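S.K.: Structure incoming, see below.
Just so it is clear, none of the values below were taken in a lab; they were calculated from the coordinates. Every value quoted in this text rests on a predicted model; they were computed, and no experiment measured them. Neighbour counts run over all protein chains shown; Cβ positions are idealised from the backbone, glycine included.
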Amino acid sequence: MKVLDKAIESIAPNMALKRQVARTKLGLIKNTGYSNHGASRSKKSMLGWVFRGGSTKEDIDDNQSTLTQRSRDLFMGAPYATSALKTTRTNVIGSGLKLKAQVDYEILNMSEEKALRWERKTEREFSLWADSIHCDAERMNNFYELQQIAFISWLMSGECFAILPLIRRIDMPYDLRVKLIESDRISNPDKTHRDKKIINGVEIGNYGEVIAYYLANHHPLSQSFQKKEWKRIRKFGAKTGRPNIIHLMEAERPEQRRGVPILAPVIESLKQLTRYSEAELMAAVVSGMFTVFIENKDSIDNSEPVYGEMISPDKQVLDSEEEEYNYELGPGAIVELGEGQSMKEANPGRPNAVFDSFVTSICRQIGAALEIPYEILTKHFTSSYSASRAALLEAWKMFKMRRTWMANDFCQPIYELWLSEAIAKGRISAPGFFNDPLIRKAYCGSEWNGPTQGQIDPLKEVKAAKERVLAGFSTRAKETQELTGGDYEKNMKQRKREEQLLKEVNEINEN
């Protein structure tokens, strides 16, 4: 039936329209269930609803470039869009997610003390690599700064890629490097293989699995005269199974291959709000200026500038024959008009009394869509303690969720590759690591800790933490990490040294 309808539509559009109208009327007779409500085609409230959808290719992949470019433009020019992305980045990543090795010492038949020593050594070795800019293929950022760039690119563009080459460098025992790739460079080659299914640069296998990505040699939006070529990068090594490329994205639907910017649902709202804010700002500036227009009945010499006129810099160096002067509002300006011309006073009536309440209402909708409460989106805490704390707790759920995704999809795969190299080079001892996947998983256990949750009343938070520990609901190590981001064991060792030092000083003072 669909094939016939398409054929008729291409040959006789009017006949196709009549068939569709007849089919719709016939459907009205059979309305049941949702047909009378959300799926109704007869209610006036539903008649103007354009709802036609498609697969992930039509809905997402075909619109990805437009969504990405608009999202980036909002980030660069819309304050609330910038706030949404940077607030999320700061709370999820902060100064970077730090490694805390957590080996499963029971499977490895290790004592708890030996496991602790292994974890400390591994963390020190990892810091040697992660703290250096040599971990970056471009030698620009350390591992924690790469996290920030990758995450905010993920939010802004909907995805971010990273390839993981091995590059030898002087004074660095590890060869693993991280090269971040902007999402635009993953695209379909000009000449695609007919026997391969490629969707926006992603090659798909028979079971829908991702086999490879196609990486362009330069950004498609750059003004480059270099010949465009593509490199096929397998997702996993054919022999080793080593991940060659990381694809950071948040999937919305099954069979989705490319990411969607987090701002996608609110792009129109943010753009319109920005236009409205700019218009109100300009109106307020204009209303703050007082310009006098003088009507002169005598002819005026247009070769001379009028009193108080503001001349644009690009017109200050023109030849005398090409001099042009624009009338422009300015503070205290006096503008002389020609004979017979007059001017009526324009009063924009600014500032607008309802501006703040309107912006607040729109920001609440934007915040709800982005899972960022209005108070946090606008950094405006004027409600009660309970309301402000509820906003922080609600936002923290989203921050923790995205932190888990970032740790699982970016930090952990890179850590496992680094650990494999460290063990292969003999810098870390891990018997059986390459022989048994279960043993390898036991060695690769880890936690990734970032910035702690904000606190409105630290004293109440500390008292609550004490009660949780005393009741057995939590541990001192967990509460220390969540309250301050510190390490309980290191704190205790430091306190022990401080108490000993204080005791020695007091003994000297007494003598």
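S.K.: Calculate the translational D of region 451-511 in whole µm² s⁻¹ from Stokes-Einstein, where the hydrodynamic radius comes from the Kirkwood formula applied to all Cα pairs, the temperature is 37 °C and the viscosity 0.692 mPa s. Each step should come with its number before you reach the end.
M.R.: Working: Rh = 13.5 Å.
Estimated via Stokes-Einstein, D reaches 243 µm²/s.
S.K.: Just subtract the alpha-carbon distance of Arg19 and Ala387 from 0.36 nm times their residue separation and send over the number in nm, one decimal.
M.R.: Computed gain between Arg19 and Ala387 is 126.9 nm.
S.K.: Stokes-Einstein D for region 164-297 at 4 °C, 1.567 mPa s, Kirkwood Rh over Cα pairs, in µm²/s?
M.R.: Translational diffusion coefficient: 66 µm²/s.
S.K.: Could you tell me what % of all Cα pairs in region 57-211 have separations over 27 Å? Write out the running numbers ahead of the final one.
M.R.: Working: 5507 of 11935 pairs.
The answer is 46 percent, as a whole percent.
S.K.: Return the loop-located GluC sites (Glu not before Pro) in region 150-237 (DSSP other than H, G, I, E, B) with at most 10 other Cβ atoms within 10 Å of their own Cβ; answer none if there are none. All intermediate terms of the calculation are to be shown ahead of the outcome.
M.R.: On the way: sites: Glu159, Glu182, Glu203, Glu209, Glu229; in loops: Glu182, Glu209, Glu229.
In loop regions of region 150-237 (DSSP not H, G, I, E or B), the sparsely surrounded GluC sites (Glu not before Pro) are Glu209.
S.K.: Looking at region 52-111, which trypsin sites (Lys or Arg not before Pro) are DSSP coil and have at most 16 other C-beta atoms within 10 Å of their C-beta?
M.R.: Counting only loop positions with at most 16 other Cβ atoms within 10 Å, the trypsin sites (Lys or Arg not before Pro) in region 52-111 are Arg52.
S.K.: Using a Förster distance of 51 Å, how high is the FRET efficiency between Asn511 and Lys379, based on the Cβ-Cβ distance and rounded to 0.05? Show your work: numbers first, answer last.
M.R.: Numbers: r = 54 Å, r/R0 = 1.07.
Once the sixth-power term is evaluated, E becomes 0.40.
S.K.: Determine which lysines satisfy two conditions relative to Lys191: a Cα distance under 21 Å, and not lying fewer than 8 residues away in the same chain.
M.R.: Counting by Cα, and skipping residues close in sequence, Lys191 has these lysines nearby: Lys57, Lys227, Lys228, Lys231, Lys235.
S.K.: Quick one: grab Rg to one decimal and Dmax as a whole number for region 389-447, Cα atoms only, in Å.
M.R.: 16.2, 50
S.K.: Around Arg427, which amide H atoms from residues at least 5 apart in sequence, or from another chain, sit under 5 Å from its own amide H, with H modelled in the peptide plane?
M.R.: Counting only residues 5 or more places away or on other chains, the set is empty.
S.K.: Kirkwood-based Rg over Rh for region 121-176 (C-alpha set), two decimals?
M.R.: Working: Rg = 12.4 Å, Rh = 12.2 Å.
Ratio value, two decimals: 1.02.
S.K.: Please list, ordered by chain and number, the residues whose modelled amide H lies under 5 Å from the amide H of Ile199; skip anything fewer than 5 residues away on the same chain.
M.R.: Ile204
S.K.: What FRET efficiency comes out for Leu438 versus Ile167 if R0 is 35 angstrom and r is the Cβ-Cβ distance? Round to the nearest 0.05. Provide the component values of the computation, followed by the final result.
M.R.: Values: r = 31 Å, r/R0 = 0.90.
For Leu438 and Ile167, the calculated efficiency is 0.65.
S.K.: Also: Considering the Cα positions of region 238-293, please state its Rg to one decimal place and its Dmax as a whole number of Å.
M.R.: 23.7, 81
S.K.: Hey, another quick one. In nanometres, what is the gap between the two model label sites at Lys239 and Met76, each 7 Å from Cα along Cα-to-Cβ?
M.R.: Distance between the two pseudo-spin positions: 4.5 nm.
S.K.: In nanometres, what is the gap between the two model label sites at Arg139 and Phe473, each 7 Å from Cα along Cα-to-Cβ?
M.R.: Rounded to a tenth, the inter-label distance reads 5.3 nm.
S.K.: Also, I was wondering about something else. Ser446's amide H: which non-local residues (gap 5+, or another chain) put their own amide H closer than 5 Å, with H modeled 1.01 Å from N in plane and none for Pro or chain starts?
M.R.: Distant-sequence amide H within range of Ser446: Gln102.
S.K.: Given R₀ = 35 Å, what would the calculated FRET efficiency be for Asp131 paired with Gln455, taking r from the Cβ atoms and rounding to 0.05?
M.R.: So, using R0 = 35 Å, E works out to roughly 0.80.
S.K.: In terms of Cα to Cα distance under 16 Å, which lysines are near enough to Lys98, apart from those fewer than 8 places away along the same chain?
M.R.: Here the lysines satisfying the reach criterion relative to Lys98 are Lys121, Lys400, Lys478, Lys490.
S.K.: Return the Rg/Rh ratio of region 36-121 with Cα-based radii and a Kirkwood Rh. Please report the intermediate quantities before stating the final value.
M.R.: Working: Rg = 25.5 Å, Rh = 19.1 Å.
With Rh from the inverse mean 1/r over Cα pairs, Rg/Rh is 1.34.
S.K.: If you don't mind, there's one more thing I want to ask. Please give me the summed charge of the neighbours of Arg177: other residues whose Cβ is under 13 Å from its Cβ, Lys and Arg +1, Asp and Glu -1.
M.R.: Net of charged neighbours comes to 0.
S.K.: Taking only the alpha carbons of region 368-489, what extent do you get along each of the three principal axes, in Å, biggest first?
M.R.: Computed over the Cα atoms, the extents are 58, 38, 21 Å.
S.K.: Could you give the length gained on full extension between Ser40 and Arg52, defined as 0.36 nm per residue of separation minus the Cα-Cα distance, in nm? Could you put the intermediate results ahead of the total?
M.R.: Numbers: separation 12, 0.36 × 12 = 4.32 nm, distance 1.39 nm.
Between Ser40 and Arg52, full extension yields an extra 2.9 nm.
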